[in-house]
Amino acid sequence: VERIVHGLETHGPWLGLTQISAGEVRGILDQVRKAETACSAALSAKASAQTRMIEADEALTAWLAKARLVMMLARGAEWSERWIETGFTYRGANIPKRVEPRIALARRLVVFLALHPDFGVPFANVTAARGRAIYERMTQTRDALDVATTDCMMNKRQRAAAERILRRRIRQVIRMLGSVIDSADPRWLDFGLS
């Protein structure tokens with residue numbers, strides 16, 4: 001594209017290529033580069049947000065596993081209706097596989113531990129305060145990932161739009177050149193075209 005710009009600067013005025021200026025193509029190229037930079041930054045931010053969310057999810061899952069063991073000591077090793085108020089509402093008393101149900105379980109456990117602090121085990125960090133901090137971090141990192149994903153999609157669209165405009169201008173230059181010089185003219189090479 002730089003060679004097309006150079007060709008327009010060098011030969012454009014003499015060939016009568018006034019519909020598209022070198023400055024216009026250079027401006028479009030600058031927009032493509034800015035969009036590419038923004039897209040790369042958005043992809044990097046999304047990757048960082050994903051890493052933070054994975055770390056937060058691992059911390060949440062580990063806390064839920066410890067809290068489950070504490071509840072087993074408090075409510076019995078086998079699930080019963082006594083487990084329901086702790087947040088474990090399913091017979092297996094398993095930790096949910098999906099993120100949203102894990103966050104919901106953590107919230108219910110935090111409420112239970114806040115209402116019954118004597119069930120907490122501070123040395124194992126199974127307390128209402130610790131649980132709240134962990135699920136809030138998870139919620140924040142999930143929200144940050146959602147924002148980063150949306151930003152990434154928007155930047156990809158903007159980059160694609162800028163690239164479409166640039167391709168369209170280059171095709172116009174090629175068509176205009178084809179109408180003013182023949183295919184054997186060496187000036188094609190000055191435009192980076194053969």
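The values are calculated or read from the model by the stated rules, or taken from the named source; none is laboratory data. None of the values given here were measured: they were computed from a predicted structure. Cβ coordinates were reconstructed from backbone atoms using ideal geometry, including for glycine residues, and neighbour counts include every protein chain displayed. Keep in mind that these areas ignore ligands, DNA and RNA; they rest on the heavy atoms of the full protein, side chains included. Shrake-Rupley method; radii C 1.70, N 1.55, O 1.52, S 1.80 Å.
Inside the range 92-126, residues that are part of a helix (DSSP H, G or I) and among the β-branched types (Val, Ile, Thr) make up a count of 4. Take the conditions (1) touching a Phe, Trp or Tyr at 6+ places or on another chain (Cβ under 7 Å); (2) more than 29 Å from Asp57 (Cβ to Cβ); Ile103 misses just one of them, which is (2). Return yes or no: is Thr61 within 19 Å of Gln140 (Cβ to Cβ) and either touching a Lys or Arg at 6+ places or on another chain (Cβ under 9 Å) or not aromatic (Phe, Trp, Tyr) (or both)? Spelling it out, Thr61 is indeed within 19 Å of Gln140 (Cβ to Cβ) and either touching a Lys or Arg at 6+ places or on another chain (Cβ under 9 Å) or not aromatic (Phe, Trp, Tyr) (or both).
Selection within the range 67-92: residues that are surrounded by 14 or more Cβ atoms within 10 Å (Cβ to Cβ) and among the aromatic types (Phe, Trp, Tyr). The member of this set that is farthest from Val126 (Cα to Cα) is Trp79.
Scanning the range 168-194 for residues that are β-branched (Val, Ile, Thr) and either without any contact (Cβ under 8 Å) to a residue 24 or more places away in the chain or not in a helix (DSSP H, G or I) (or both) turns up Ile174, Ile181.
Being among the small types (Gly, Ala, Ser) and open to solvent by 70 Å² or more (accessible area, probe 1.4 Å) is the filter here, so list the residues in the range 142-194 that pass it. Residues satisfying the conditions are Ser179, Ser183, Ala184, Ser194.
Scanning the range 127-138 for residues that are assigned to a helix (DSSP H, G or I) and either open to solvent by 20 Å² or more (accessible area, probe 1.4 Å) or without any contact (Cβ under 8 Å) to a residue 24 or more places away in the chain (or both) yields Ala128, Ala129, Arg130, Arg132, Ala133, Tyr135, Glu136, Arg137. Looking only at the range 38-94, count how many residues are of a type in the set (Phe, Trp, Tyr) and out of contact with any helix residue (DSSP H, G or I) (no Cβ under 8 Å at 6 or more places or on another chain). So the answer is 2.
Of the residues making up the range 166-180, those that are in contact with a helix residue (DSSP H, G or I) (Cβ under 6 Å, 6 or more places away or on another chain) and either farther than 14 Å from Gln19 by Cα or polar (S, T, N, Q) (or both) number 1.
The requirement of being open to solvent by 20 Å² or more (accessible area, probe 1.4 Å), in a helix (DSSP H, G or I) and within 30 Å of Ala161 (Cα to Cα) is fulfilled somewhere in the range 50-66, by at least one residue.
Residue by residue, here is whether (1) in contact (Cβ under 8 Å) with a residue 24 or more places away in the chain; (2) of a type in the set (D, E, K, R) holds:
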| position | (1), (2) |
| --- | --- |
| Gly16 | yes, no |
| Ile20 | yes, no |
| Asp57 | yes, yes |
| Val70 | yes, no |
| Ala93 | yes, no |
| Pro96 | no, no |
| Glu100 | no, yes |
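In the range 77-91, the residues that are free of Cβ contacts under 8 Å to residues at least 24 places away in the same chain reach residues that are of a type in the set (A, V, I, L, M) and assigned to a loop (DSSP other than H, G, I, E, B) with C-beta atoms within less than 9 angstrom, at least six apart or across chains, in these pairs: Glu78/Ala93; Trp79/Ala93; Trp83/Ala93; Phe88/Ile95.
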